[in-house]
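A short write-up of the structure that comes next.
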Amino acid sequence: MIKIKTIIISYLIGSNCIAQQIDSVQGMKLTDTIRLHHLNEIVISASRISETILRSPISIDQLKAAEINNLPTASAFEAIENMKGVHILTPSLGFKVINTRGFANTTNVRFTQLIDEIDNQAPHIGAPIANALGADDLDIDKIEIIPGTASALYGMNAINGLVNIRTKDPFRFQGLSIRQLSGLNHLGNNDEKGPQFFSQTNLRYAQSVKSKFAFKINLAYTNGNDWVADNKTDLASTLNSTTGLTGQNNPAFDEVNSYGNESPNRRTLTLNGKKYVVARTGYRETEIADYNIQNYKGDIGLFFKPKHNTELSLTYKGAQINTIYQRSNRFRLQNYTLQQYTLNYHSPLFLVRTYLTKENTGRSYNLRSLAENMDRAFKTDNQWFSDYTTAYSNAISAGENSAEAHQLARNYADNGRYEPGTRIYEQKKEELININNWDIGAALRVHSYLSHSEGLFKWDKLFPVFFNKIQSQLLSGFDHRSYIIIPDGNYFINPVDSTKNIVYSKTGGFIQLNKDVLKKQIRISATIRGDKSDYFDWKFNPRIAITYSPEETICFRTAYQSGYRFPSIFEGFSNVNSGGVKRVGGLPIMSNGVFENSYTKISIDEFQAEVNSDINTLGLTQAQAIEKNKSILKKNTYTYLQPEFVRSFEFGFRGLILHNNIYIDADLYYNSYNNFIAQVETNIPKTNNSDSIPTYLYSRLKQDRYRLWTNSKSKIYNYGANISLKYKYNELYSLVGNITYSKLDRTDNKDGLEDGYNTPEWMLNGTLIAENIWKTFGASISARYQSKFDYVSFLVNGSVPSYWTLNAQINYFIQKTDITIKLGGNNLLNKPYYSLLGGSSEKGFYYLSFTMNIKSKNSN
């Protein structure tokens, strides 16, 4: 008997990182091993039934636990970035967002994240908070990812794709596992913090009793110091360009990561005969944010097998999160908790499952609201701008030039403001983060629930003779979901009855038929799904897919599918006062009358800028300039929310090539989107007199500002391709990688309202893994490249620079004690880069981990 340790890795230019150790019988060829461990791997997420990855009707990729352990990443969640087609945004060290196939953002409601097919989203957001409620690294069996629309089977928001993390079966994987990872970040001469310690402790314990009962427990604790967001780019650099004041002399200076000096915190002042846009000073994020990471999570499960292949389980998951979170603003999540209760029963014939997710935002707060209300608590806007005007006039009278006069005016108006680090500042901060009204405070106080029930029925198992005869499989499923929000008076209100909770429900179901023809060389899969949501009619999503396998080692596939996305709870029902702007949900129950009576902020900003320019450069009076430019103002033409819709075409190939030495998985796709759910900024003048509307819209004090959820009128097309390669050189070395190309093709009826594509055109990953180079010593190194791309959000717009980064690790397995030691570095060269705008830059992270396994005698 010859023992061959084979490794098949994932990353050459883009995604799969796989290192697999297997035993082989005498004489088994390397190519046979590749076939066994790639073409015959079982996946479930693509069709919600067990099938080989070769015959999967759509693009799907997977990463197994043994493969993750050999990758140069500190966690399994980080390893997902190397999978085919995956793009990850990192707003902070404790918060990573997964996406595929374009239109990425930090609240990614178009991508579904499942743990054992259970949605782990935060209910009021409609998307997960990274891996906060996710699987523990020690409990992950495999990760399956579908890059692209999966709505026909999963409904709701899976129009960009999904990831399904499958955990270990406690009947098969028994015993105690402990991992301690210790690391350092913030290294380098330019980092003001200096080196910071990072620690993560994981524990898993599982045990069965007489093959009928089993339980498992997972615990994890993470502590560290987050990356710092300190982008000093001026977002208002042109507002005073007609006066010659730019750069640090710009009185409207607005750094990306400073808050309280944005548009709602500005006024146009007439100073010495000229119009200047002046902003309050605000605070930098580094002055007001708590960057400490302290996260806890755990789960416990009880499992009962009344008979073979039948299981009843009850599980509980809980997490407490303390980290930085980003959407249209940056937040400090403080004592933020998520809990989930799940009851699951499955047999060869059917599955039923129900779960409840509870969310409590704890003592979390909005950094922007904290900054602007800290300034306003010191001095009202009216008083501050009055003091500024007086001090400017005095400085000019004393002979100072304009730039110096503005600085002196700011110093005078700011005299006595709360300074970070002082006792009085900390007292005021504590007061503000406990006021649940963003007009005067900063607290985020949301309590919400998500209840979900679903079932699957395998008709071919009920009538096996008939379906075997016609070589078919028939699967049907149903689900019902309700979101329940307790109105807090700030983030959510119930406009119908303030004493009742907001309830938003959806019901759906699907039928899928798989049919084999031509001696099973061709498989045809047809699916139809229907969904009905409150406030919307039934919507239907079809999927038709065909696979063709002329040989056992290759398969061609093609698929068409469509998907609807109903508005999330926040998009439909929000009612947030933020910086003088009310963000209102797009359902008629929330925004009735606002759409019809408002003007677009884009036209108002242009109108105000032209009026100021004419006053400063042409010498017109304010009334004359307003009359000249009033035609610029445009009435809002957008209206109430409708579901988002996508059509997707996909072609792919999977198999072995070049004498079966290289495994390849490639796909092409083309998508079209309608009714993109997005936001429009509009203002309503505080007058019913049509002649006075331009004058009111020139003054920031005489209009109400809104940000409304609506649908873009644009029709958007994008396309792309992925290719993943895995090559086994010999018994020691493997090379795997992928290339992802993603392109926004065109936009018809472009209105500028559509979501930002926010996706690099090129992403390349490559990993070289060597195992057992000397005894049980192994190593791996990976490189990742990402091209420059435009980033559009309500927090900041601009370009994210291209970058390449290097990760590496070495590991040693002590067989006698079953301990693995791993030493590695992410961003090994410590070259800072951004994955998005508004967030922190990522620098080097260096770690050492010890993993110990004590297997139970009953473990398989």
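A few notes on this one:
- Kirkwood hydrodynamic radius of the range 123-272, from inverse mean 1/r over distinct Cα pairs, in Å: 21.2 Å
- With 26 Å as the limit on Cα-Cα distance, the pairs of Lys775/Lys855; Lys532/Lys750; Lys307/Lys461 that go past it are Lys532/Lys750.
- Among the trypsin sites (Lys or Arg not before Pro) found in the range 703-798, those both in a DSSP coil and sparsely packed, with 13 or fewer other Cβ atoms within 10 Å of their Cβ, are Lys750, Lys775, Lys788.
- For the range 140-238, accessible area per residue (1.4 Å probe, heavy atoms of protein chains only), Å²: 37 Å²
- Among the GluC sites (Glu not before Pro) found in the range 753-846, those both in a DSSP coil and sparsely packed, with 16 or fewer other Cβ atoms within 10 Å of their Cβ, are Glu761.
- Relative compactness, the chain, computed as alpha-carbon Rg over 2.2 N^0.38 Å: 1.00
- Estimated vicinal HN-Hα couplings, Hz - the range 194-199 in sequence order (Karplus 6.51, -1.76, 1.60; Gly, Pro = x): x, x, 10, 8, 10, 9
- Förster radius 60 Å - calculated FRET efficiency between Leu618 and Gln427 (Cβ-Cβ, nearest 0.05): 0.75
- Separation in nanometres of the label points that stand 7 Å from Cα toward Cβ, at Thr286 and Asp497: 5.3 nm
- Taking 7 Å steps out from each Cα toward its Cβ at Tyr296 and Ser453 produces label points 3.3 nm apart.
- Kyte-Doolittle mean at least 1.0 and Cα axial length at least 15 Å: DSSP H helices in the chain: none
- Computed from backbone phi, the HN-Hα couplings of the range 259-271 come to 9, x, 10, 7, 3, x, 9, 10, 9, 8, 10, 8, 10 Hz, rounded to whole numbers (Karplus: 6.51 cos²θ - 1.76 cosθ + 1.60, θ = phi - 60°; Gly and Pro given as x).
- Charge-dipole axis of the chain as Lys and Arg at +1 and Asp and Glu at -1 on Cβ define it, positive-most pick from Ser386, Thr222, Phe303: Phe303
- The range 597-687: trypsin sites (Lys or Arg not before Pro) falling in loop per DSSP and having at most 16 other Cβ within 10 Å: Lys634, Lys686
- The chain - percent of accessible surface contributed by carbon and sulfur, probe 1.4 Å: 56 percent
- MRE, 222 nm, helices only [DSSP H, n ≥ 4, -39500 (n - 2.57), over the chain, to nearest 500]: -3500 deg cm²/dmol
- Put a dot 7 Å past the Cα of Lys788, heading toward its Cβ, do the same for Tyr412, and the two dots end up 4.4 nm apart.
- Rolling a 1.4 Å probe across the protein heavy atoms gives the range 36-89 an accessible surface of 19 Å² per residue.
- Per residue, the range 706-860 exposes 45 Å² of accessible surface when a 1.4 Å probe is rolled over the protein heavy atoms with every protein chain present.
- Label point at Gln815 placed 7 Å out along Cα→Cβ; residues across the range 744-787 whose backbone nitrogen lies under 16 Å: 771-778
- Legend: residue pairs Lys297/Lys429; Lys358/Lys743; Lys317/Lys506; Lys232/Lys743; Lys96/Lys822, Cα-Cα distance threshold 32 Å; pairs beyond threshold, Lys358/Lys743.
The values are calculated or read from the model by the stated rules, or taken from the named source; none is laboratory data. No experiment lies behind these values; they were computed from the predicted model shown. Ideal geometry is used to build each Cβ from the backbone, glycine not excepted, and the neighbour counts take in all protein chains shown. Calculation scope for accessible area: heavy atoms of the full protein, side chains included, ligands and nucleic acids excluded. Shrake-Rupley method; radii C 1.70, N 1.55, O 1.52, S 1.80 Å.
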